[in-house]
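The values are calculated or read from the model by the stated rules, or taken from the named source; none is laboratory data. Everything numeric in this text was worked out from a predicted model, so none of it was measured. With ideal geometry, Cβ positions are generated from the backbone for all residues, glycine too; neighbour counts draw on all protein chains shown. These accessible areas exclude ligands, DNA and RNA; they are computed on the full protein's heavy atoms, side chains included. Shrake-Rupley method; radii C 1.70, N 1.55, O 1.52, S 1.80 Å.
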Amino acid sequence: MGPHPVTVRHDPALKAFASDNYAGVHPEILAAIAEANGGHQIAYGDDVYTEALQDVFRRHFGERAHAWPVFNGTAANVVSLRAMTAHWEAVICAETAHIHTDEGGAPEVTGGIKLLTVPTPDGKLTPELIDRQAWGFGDVHRAQPRVVSISNTTELGTVYTPEEVAAICTHAHGLGLLVHLDGSRLTNAAAALDVPMRALTTDAGVDVLSFGGTKIGMLYGEAVVVLNPEAATGVDYLRKTFMQLSSKMRFVSAQFEALLSGDLWLRNARRANAMGRRLAEAVSGLPGVEVPRPVQANAVFAILPRDVTERLQKRFRFYTWNEATGEVRWMCAFDTTEEDVDAFAAAVAEELA
Ligand SMILES: Cc1ncc(COP(=O)(O)O)c(C=O)c1O
């Protein structure tokens, strides 16, 4: 028997608005994986692709940056936060933070990390909001605040500016706290503001970054990026302890190189964000649709009548964000086209009529 071709089991033309993770792999990334194939390379990260990767990350995040590829974003967060805290220390984050709401408890259960959460109006922490949990230093009865973790873009689709991140870092550092940034969508945030990624991270004072590749065109792969070497210890060991040491790491590193060495990350993020704006504009004027949050990157939140949501979900996949209010989330990806957005907006209008 010869090679067995894969049967295509889905319609490649069909797009969803559920998550940027529904998208496939950008062709330039797939090509990079194919180019890195063949022959043998040292396993577990001692390959030439992973070595070259450090230069790529340093170009974006500065001379002190060091990146450790991992499999997914939850792991990037858990490894980062564990490397920044001792057993008795805790992490302050927004109540809506992915580490709190969407990681199956991994920071607490797998990482053993106590989270101290703060309600926010828009998914963003501020120095004042940090102070709601930054207390009890020296009290043996209280898990000791050690890290402030923020996400950019946030889980509510909002974007922190460089000034807002810098204000958080200055405040946190003044209290003796470190700053972690969940950059699962850092590329979208930087593209939305038209600033280099280092303006939102290294230059603003962020200590450790979880950098996201999967949502912006990679097959899989995220990275723990330590920006301040004094802020994290043992990442080499923790990555293995938390089962994140890829044996064939060259293929993760080659993807990052394809994403970050040119402008692919920016092209993809600009496209996803532009499609988010287009969708928001298309549905905003429709009677019966409320867009309750600012659309600053690739996520659009909307409140619709429930029966409309149910009918629409039979045609396009997307998630209900809040069952109580009927708020839904529509997410655009790097491969969402204007035609996809227009077809979806037309379907919203049809179901409302
Ligand atoms: C803000 C944020 N952080 C982290 C992640 C990474 O999660 P995963 O473990 O699914 O790669 C996601 C994915 O949805 C996210 O939205």
Candidate lysines for bridging to Lys114, where Cα separation is under 17 Å - those fewer than 8 sequence places away on the same chain excluded: none
Over 30 Å (Cα to Cα) - which of Lys215/Lys240; Lys124/Lys240; Lys240/Lys314; Lys124/Lys248 fall in this group: Lys124/Lys240; Lys240/Lys314; Lys124/Lys248
Whole-Å distance, taken between Cα centres, linking segment 142-193 and segment 303-353: 30
Cα-centre dipole for segment 107-219 with unit charges at Cβ (Lys and Arg positive, Asp and Glu negative), debye to 20: 280
Coil-residue chymotrypsin sites (Phe, Trp or Tyr not before Pro) of segment 1-87, DSSP, other Cβ within 10 Å capped at 14: Tyr44
Projected-area average for segment 280-353 over all orientations - Cα convex hull basis, square nanometres: 4.6
Cα centre as origin, Lys/Arg/Asp/Glu Cβ charges: the chain dipole, Debye: 440
Selection of trypsin sites (Lys or Arg not before Pro), segment 264-353, meeting DSSP coil and at most 15 other Cβ within 10 Å: Arg317
Solvent exposure of the chain as accessible area per residue, Å², 1.4 Å probe: 44
Exposure rank, largest accessible area first [Trp88, Trp265; 1.4 Å]: Trp88, Trp265
Backbone N under 11 Å from the Ser247 label point (7 Å along Cα→Cβ), restricted to segment 33-58: 43-44
Debye log10 I(q)/I(0) at q = 0.09, 0.12, 0.14 Å⁻¹ for the chain, Cα point scatterers: -0.51, -0.88, -1.16
At 0.692 mPa s and 37 °C, Stokes diffusion of segment 145-231 via Kirkwood alpha-carbon radius, µm² per second: 256
